[in-house]
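These notes are about the structure you will find just below.
The values are calculated or read from the model by the stated rules, or taken from the named source; none is laboratory data. Bear in mind the structure is a predicted one, so any value in this text is a computation, not a measurement. All Cβ positions, glycine included, derive from the backbone under ideal geometry; neighbour counts span all protein chains shown.
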Amino acid sequence: MFRVVSNRKVTPNAHEMVVEAPEVARTAQAGQFALLMVDEHSERIPYTLADWDEATGTVTFIVLEVGKSTGDFVHRQPGDEVAHVVGPLGMPLEVENFGTVACIGGCYGLGGIVPVGRTMKAAGNRVITYVEARMEGMHYYLDKYESFSDEVVQTTTDGSNGIKGHGVDILEARLKEGVRVDRVFTIGCPFMMMLTAQVTKPHEIKTFAALNPIMLDGTGMCGACRCTVGEETKFACVDGPFFDAHEVDWHELRDRRAAYIFTERDVCK
Amino acid sequence: MKITVNDQVLDANEGESVLEVALRHDIEIPHICYHPILPANGVCRMCLVEIDGINGLPASCSTPAADGMVVHTETETVRNRRRENLELILLEHPSSCLVCYKREACQTFRPEKEKTGVTTGCQNCPNKHDCEVQRLTLDLGITDLPVGSFYRNAEFDRDDPFIENDPNLCILCGRCEQICQYHHDTPVVVLTGRGPDARVGQAFDLPLNASGCTFCGACVDLCPTGSLSDRFARWYGVADGLVKTTCPFCDAGCALEVKSEGHRVFSATALDQTKPLCALGRFTIPPFLSSRDRLTHPRVMAGERLREVTWEEAFTAVADGLAPFKGDTFALVCDRSGTVEDRHALRVFTEEVMDSSHYIEIEDGEEPRVELPTGVKAVLLTGDFLEADALDALEMVVVLDCYPSPAAEKATAILPAAILLETKGHLVDENGVERPAKRAVRPAGQAKQDHEIITGLITAMGDEGTAGKLTGEIETRIQDSEAELITERAEAPAPALDVTKIRTRYRGHLIAARVPDAGAVQPVAAPVPSEVV
Amino acid sequence: MDRSILEGNPHLVIEGMVIAAIAIGATEGFIFVRTEYPLARKHTEVALQHARNHGLLGKNILASGIDFDIEIVRGAGAYVCGEETALIASIEGRRGMPRPRPPYPVEKGLWGRPTCINNVETLANVPIIIEQGSEAYAAIGVEGNSGTKIFSLVGKIRNTGLVEVPLGIPIRKVVYDIGGGPLEGQKIKAVQTGGPSGGCIPEELFDLPVTFDSLTEAGSIMGSGGMIVIDEETCVVDLAKYFLTFTQEESCGQCPPCRVGSRAMLVLLDRITEGTATMADLDKLEQLAGTVREASLCGLGKNAPNPVITTLRYFREEYVEHIEKKQCRAFTCKQLITYTIDEERCNGCGACFRVCNDDAIIGEPKQLHVIDQDRCVHCGNCFVVCPPSLAAVVRTSGELTRYEEPVVKAKKG
Ligand SMILES: Cc1cc2nc3c(=O)[nH]c(=O)nc-3n(C[C@H](O)[C@H](O)[C@H](O)COP(=O)(O)OP(=O)(O)OC[C@H]3O[C@@H](n4cnc5c(N)ncnc54)[C@H](O)[C@@H]3O)c2cc1C
Ligand SMILES: Cc1cc2nc3c(=O)[nH]c(=O)nc-3n(C[C@H](O)[C@H](O)[C@H](O)COP(=O)(O)O)c2cc1C
Ligand code: SF4
Ligand code: SF4
Ligand code: SF4
Ligand code: FES
Ligand code: FES
């Protein structure tokens, strides 16, 4: 069993969950995720590793409450336990000094982008971080971004906090101003990652997006997490989750994510 | 009476408001709190107009039309104030998706709403596909809000049966309170708190079932936002099927408007909004139809266990099995929940085919446990009607039913029945008048309607004549039917005003066992406050 | 005013109500008194009993064949219950919420019956008019505004209290002659009439006569007769914020302009008093004030922006100073005040050091103390505790700097 150390509501629909999982914390690398089962019978849900601490043996997830399983998880209080945390899974990011790295985050990606930015900074990159949220009160982790970024901009779609618009709009504006960006990492909903890819493509900037298809085993066996990248079929759990965003078939990703919508609705009651 | 609206002279009737006259003549004046069946409330302030001779900007919904009145609905002042008013409404509402300038691209990429725990924008709002606030915002072209968000960040109340209340989406239009008052005299959902703390809820924050709610769902129907929602229906998309039919749950005969998506019924609402439905009609049909343990495939005892078979095999097995029991050793037990046609077929089967006088039809309200006449050795049951020891004494049990029961465990054969909105024909209302029952959705799995199963059985018994005659009769009867829906009810049905009168069993099964919320609508005592001041 | 009438002479009100009842044919009357005024209630109760004992109320009053009785209703204290339709709802036992008019109470009021609603003072005037005749009454005051009005005169003046004046009297007379003028060393800046829903009238307009029309013209209202006098020590932006805070909390919450609009206005006022506003915010504030005033359902909302609208009309330059110069000339808006310690005056007593909750003051006992502006949260505690004999904490706001005169205490003995 894995003990929940803390549970903090960071936005109206997302919680920061810190869970004791020493083995995961010891070997985690930026870009990886873990599979979590709340109890023996629940779904296996992948969560991006938003942080980890080898010393305390804990890992941090940002959990967006969407349905049954995520709902069960965020209702666990400190001291409660969850059945399984399996990880780290997925390919760690390739880390080197690329020059300037842009981190574009939204949604649970506001947490997921933290290890990416931190690692890129440690490798000597200049890191710029543009994070978007729907409205005031849905941003978090500003202090974390500031600790590794050379520039941080927060945006909201309704303009109630920071600049009105999307994170990628800031990137677009910077590129127009002539700022050189060598690599872009983006974590968030498929739409927002797709927009990011559309902006960076004409500039030929290598862009990596963390895909979030439905996953089951997380070991490349079941094929549930199949996605098409550059006309090749990839398994997000072992080949990803980060893929070249310019090559991803976003519509397929969207459709596959909605594959179990009837069941998801029914268990919500 | 004549009034002039934007230079057009319109005829007005006594008692009509300016808004009603305009709407009747297709002149659109934005409005939110107004609803045709409710008295004007005048609180949302969207319908402001200028009227010559009247100071300021009167609300057109609460201003009665008067002869010679000259009204302007599109002056610059009106348009500005109206737009600013809506901007203010949006400040308390999660409005990111409304004012997002990537909106169109987003809609194209993901037209369906996305399910979520807490709604933070239209993209994951249960109301996404049909929202008055959204429509108005787009019509008035709002792209920016005057100050930062006043999102309430309040707890989302999901503890009540059937109805969920997310106070963060509420725009305080007051329609829910008004319709509740209209139907039940004393409103259950009310505006509480003042100023910035104003919101909609129950007095003393009690749960709905401790506040006198009858779960008629009228508040949910009228809520223009996703604030009050139907737990079952909230994440369905746009209906691809719409049927108007009679509620199959009791003999009150309320007319329903039924919506389905992809062969699943997801919502049933009152056709006549001026009268409430009961919790069964409004909320229970979709979950009862799709509860997990529905009997969906014909099964026949093979050795020690029931095995899934084709309908043909099932008919043959049952026909062969029942053959020795012709006469009074056979009995058929059903209740009155089926259509007139189904019950006719069951009776014909018992009396004419099986030659038995034991056609037992349980009256509504009766304790659904029957004592069989002595001598009966084989029964066909359409529901959960027999005690265990009665079952033990039988030689053959055939179950024609929708859910498992003790009888199904002892059955020689299980024939899955189509129920509720999966059936068609006629239902009889409390006054003995036949009302149309339309099929809104195909039956679960391979289930068939009772009369179809019966004719199948009769055919398998070799009596093709009777089977053909029966089918013919039923088809013509449905085809030539002139039965009409109760489109205007004179009075609210009794169970809609008093939940203790709600029917608790269907085909002998406790409805609450399949749909726990249906049991939870029964009134509970108000919890004693934990801290006594 | 109304309270003092009910406490001092409730008979007058009762008599007024009986006369009104006879005039309109009413059989039932209600006096709505706030729970917070128990004495008014008690005295009225006694007066009602006396009236009944004398056959002046009840069935067949003085054998005239007229039936009329009065009941006291206790109000639950919400400001909005003074609004007539909310008042009716409250008497009917519902939540005190205004509803749109028409229908007006005179057509459909309490329990759906025609109802005449008047203020206590209005009704108290009725017997006097009947007794002395309308001509005698009209002789007091000015044309169209006859009779007297009671004001509650408070604020930065020498004589405060309730005053009854003939209508039409210039404001100046009330403030200077009756009120005795400004406090020692101060200058009167304006007067807020009509309570929190009223407006602020500047000193230049003090020659205006106190009449319903002239006050309305000036952007304010007569209301139930509040007069709050302010002097140069009061910041008008802060004043407007103060009143608006009250009205937005008292909003019944039904209609968006009042509930949300006044709250949005407060956000903008906060920005202005904290020095984070832009001139665009000022435009927005004006715009919103217009919407709240024109679009609100009831009088509470319609009048809520009055303090803002009038201060903007008469003291716009103060708003602009707050925004452009980050300056509050009255030294009221704390975020716009910078505190520094005068090296010449500080004797290192350490009083300020001890009260600063944010560790913004650096210094050793008996040494000069210094304020770290980056940590300072502008609470002003240091200014308050610095001994008046030293007055070493100096305040700056925009272009203005204020030194307090050190108070030299005469040494004892
Ligand atoms: C690599 C990866 C990392 C992720 N990281 C995070 C994270 O850090 N924080 C976070 O809140 N969410 C993260 N997600 C998304 C998260 O897995 C889904 O929100 C979660 O599965 C929803 O489950 P549910 O039972 O609560 O809701 P459901 O009702 O089951 O589903 C709601 C939505 O989630 C999708 N979904 C359902 N099951 C799965 C599944 N097994 N795998 C993926 N998507 C599914 C559905 O398609 C639907 O769109 C990540 C997904 C992936 C693939
Ligand atoms: C928000 C609000 C509060 C009010 N409060 C009072 C009050 O406390 N006392 C009062 O007499 N009138 C109050 N009024 C005005 C009354 O509704 C009503 O108009 C008045 O009493 C009519 O009497 P008059 O014509 O004699 O002045 C208030 C109005 C509003 C809109
Ligand atoms: S469901 Fe019906 S009774 Fe219950 S609160 Fe809504 S309108 Fe009132
Ligand atoms: S819950 Fe719905 S109907 Fe009720 S006030 Fe809010 S928005 Fe209006
Ligand atoms: S103006 Fe204010 S007090 Fe009046 S009805 Fe509207 S919200 Fe209520
Ligand atoms: S999750 Fe099964 S193959 Fe990736
Ligand atoms: S529709 Fe007229 S005020 Fe709401």
Subset of the stretch C:59-111, residues among the aromatic types (Phe, Trp, Tyr) and within 14 Å of another protein chain (Cβ to nearest Cβ), comes to C:TYR79, C:TYR104
Notebook entry, point to check: Is it the case that the stretch C:71-81 has a residue that's part of a loop (DSSP other than H, G, I, E, B), closer than 26 Å to C:CYS298 by Cβ and of a type in the set (Asp, Glu)?
Noted result: no
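With the requirement that a residue be among the aromatic types (Phe, Trp, Tyr) and either surrounded by fewer than 24 Cβ atoms within 10 Å (Cβ to Cβ) or away from ligand 3 (no atom under 14 Å from the Cβ) (or both), what does the stretch B:162-217 give you? Working first, answer last.
So in the stretch B:162-217, the residues among the aromatic types (Phe, Trp, Tyr) come out as B:162, B:182, B:204, B:215.
B:TYR182, B:PHE204, listed by residue number.
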Among (1) within 11 Å of chain C (Cβ to nearest Cβ); (2) away from ligand 2 (no atom under 16 Å from the Cβ), B:GLN8 falls short only on (1)
Those helices (runs of 4 or more DSSP H) completely within the stretch A:230-269 that have 2 or more residues that are more than 13 Å from chain B (Cβ to nearest Cβ) and either among the hydroxyl-bearing types (Ser, Thr, Tyr) or surrounded by 14 or more Cβ atoms within 10 Å (Cβ to Cβ) (or both) are A:236-239
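Which is more than 14 Å from every other protein chain (Cβ to nearest Cβ), in contact with a Pro (Cβ under 9 Å, 6 or more places away or on another chain) and without any contact (Cβ under 8 Å) to a residue 60 or more places away in the chain, of A:LEU142, A:LEU211? Walk me through it before giving the result.
Numbers: A:LEU142 fails: in contact with a Pro (Cβ under 9 Å, 6 or more places away or on another chain).
Criteria check complete, one pass: A:LEU211.
Could you check the stretch B:4-37 and list, in sequence order, the residues that are within 16 Å of ligand 3 (Cβ to nearest atom) and closer than 25 Å to B:LEU138 by Cβ? Give the steps one after another, and end with the answer.
First pass over the stretch B:4-37, keeping only residues within 16 Å of ligand 3 (Cβ to nearest atom): B:33, B:35, B:37.
Result: B:CYS33, B:HIS35.
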(request) Could you tell me whether any residue of the stretch C:42-64 is more than 16 Å from ligand 4 (Cβ to nearest atom), among the basic types (Lys, Arg) and assigned to a loop (DSSP other than H, G, I, E, B)? (result) no
Quick check: anything in the stretch B:91-113 closer than 27 Å to B:TYR236 by Cβ, surrounded by fewer than 19 Cβ atoms within 10 Å (Cβ to Cβ) and within 26 Å of the chain's Cα centre (by Cα)? yes
_Looking at the stretch A:169-177, can you tell me whether even one residue there is of a type outside the set (D, E, K, R) and crowded, with 23+ Cβ neighbours inside 10 Å?_
yes
| Has the stretch C:99-120 got any residue that is touching an Asp or Glu at 6+ places or on another chain (Cβ under 9 Å) and modelled with pLDDT under 90? | yes
(1) in contact (Cβ under 8 Å) with a residue 60 or more places away in the chain; (2) out of contact with any Leu (no Cβ under 9 Å at 6 or more places or on another chain); (3) not polar (S, T, N, Q) all hold for C:MET97 apart from (2)
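May I ask you to say which residue of B:ILE27, B:ILE37 is without any contact (Cβ under 8 Å) to a residue 60 or more places away in the chain, away from chain C (no Cβ under 13 Å) and more than 14 Å from ligand 5 (Cβ to nearest atom)? Let's see the steps before the verdict.
Details: B:ILE37 fails: without any contact (Cβ under 8 Å) to a residue 60 or more places away in the chain.
Of B:ILE27, B:ILE37, the one residue that is without any contact (Cβ under 8 Å) to a residue 60 or more places away in the chain, away from chain C (no Cβ under 13 Å) and more than 14 Å from ligand 5 (Cβ to nearest atom) is B:ILE27.
Matching residues to (1) within 30 Å of B:CYS173 (Cβ to Cβ); (2) assigned by TED's automatic domain parsing to the domain that holds C:SER251; (3) surrounded by fewer than 19 Cβ atoms within 10 Å (Cβ to Cβ):
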position	(1), (2), (3)
C:ILE19	no, no, yes
C:LEU48	no, no, no
C:LYS59	no, no, yes
C:MET97	yes, no, no
C:TRP111	yes, no, yes
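If the requirement is being touching a residue at least 40 places away in the same chain (Cβ under 8 Å) and either within 27 Å of B:GLU308 (Cβ to Cβ) or crowded, with 18+ Cβ neighbours inside 10 Å (or both), which of these qualifies: B:PRO373, B:PRO416, B:PRO406?
On the way: B:PRO373 fails: either within 27 Å of B:GLU308 (Cβ to Cβ) or crowded, with 18+ Cβ neighbours inside 10 Å (or both); B:PRO406 fails: touching a residue at least 40 places away in the same chain (Cβ under 8 Å).
Within the list B:PRO373, B:PRO416, B:PRO406, the selection yields B:PRO416.
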Wholly inside the stretch C:324-410, strands (runs of 3 or more DSSP E) that include 3 or more residues that are in contact with a strand residue (DSSP E or B) (Cβ under 8 Å, 6 or more places away or on another chain) and either surrounded by fewer than 15 Cβ atoms within 10 Å (Cβ to Cβ) or free of Cβ contacts under 8 Å to residues at least 24 places away in the same chain (or both) are none
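Residue-wise test of (1) in contact (Cβ under 8 Å) with a residue 40 or more places away in the chain; (2) within 13 Å of chain C (Cβ to nearest Cβ).
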site	(1), (2)
B:ASP160	yes, no
B:ILE163	yes, no
B:CYS173	yes, yes
B:LEU191	no, yes
B:ALA203	no, yes
B:LEU208	yes, no
B:ASP240	no, no
In the stretch C:260-289, anything without any contact (Cβ under 8 Å) to a residue 12 or more places away in the chain and either within 10 Å of another protein chain (Cβ to nearest Cβ) or surrounded by 24 or more Cβ atoms within 10 Å (Cβ to Cβ) (or both) is listed as C:VAL260, C:VAL267, C:ARG271, C:GLN287
Any residue at all in the stretch A:21-40 that's modelled with pLDDT under 90 and within 14 Å of another protein chain (Cβ to nearest Cβ)?
no
Scanning the stretch A:145-168 residue by residue, those surrounded by fewer than 23 Cβ atoms within 10 Å (Cβ to Cβ) and within 14 Å of chain B (Cβ to nearest Cβ) turn out to be A:GLN154, A:THR155, A:GLY159, A:ASN161, A:GLY162, A:ILE163, A:LYS164, A:GLY165
If we ask which residues in the stretch B:78-91 are touching a Pro at 6+ places or on another chain (Cβ under 8 Å) and facing another protein chain (nearest Cβ under 7 Å), their number turns out to be 5
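Condition test on C:GLY144, is it more than 16 Å from ligand 4 (Cβ to nearest atom) and either more than 14 Å from chain B (Cβ to nearest Cβ) or within 17 Å of C:LEU215 (Cβ to Cβ) (or both)?
Working: more than 16 Å from ligand 4 (Cβ to nearest atom): yes; either more than 14 Å from chain B (Cβ to nearest Cβ) or within 17 Å of C:LEU215 (Cβ to Cβ) (or both): yes.
It is true that C:GLY144 is more than 16 Å from ligand 4 (Cβ to nearest atom) and either more than 14 Å from chain B (Cβ to nearest Cβ) or within 17 Å of C:LEU215 (Cβ to Cβ) (or both).
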- prompt: Can you find a residue in the stretch B:296-312 that is touching a helix residue (DSSP H, G or I) at 6+ places or on another chain (Cβ under 6 Å) and more than 23 Å from B:LYS424 (Cβ to Cβ)?
  reply: yes
Of those in the stretch A:116-138 that are touching a residue at least 60 places away in the same chain (Cβ under 8 Å) and surrounded by fewer than 24 Cβ atoms within 10 Å (Cβ to Cβ), the residue farthest from the other protein chains (Cβ to nearest Cβ) is A:THR119
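Results for (1) closer than 16 Å to A:GLY159 by Cα; (2) within 10 Å of chain A (Cβ to nearest Cβ); (3) free of Cβ contacts under 8 Å to residues at least 60 places away in the same chain; (4) assigned to a loop (DSSP other than H, G, I, E, B), shown as yes or no for each residue.
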{"position": "B:PRO94", "(1), (2), (3), (4)": "yes, yes, no, yes"}
{"position": "B:GLU114", "(1), (2), (3), (4)": "no, yes, yes, yes"}
{"position": "B:VAL118", "(1), (2), (3), (4)": "no, yes, yes, yes"}
{"position": "B:LEU145", "(1), (2), (3), (4)": "yes, yes, yes, yes"}
**Request:** Kindly indicate whether any position in the stretch C:312-328 is polar (S, T, N, Q) and under 21 Å from the mean Cα position of the chain (by Cα).
**Result:** no
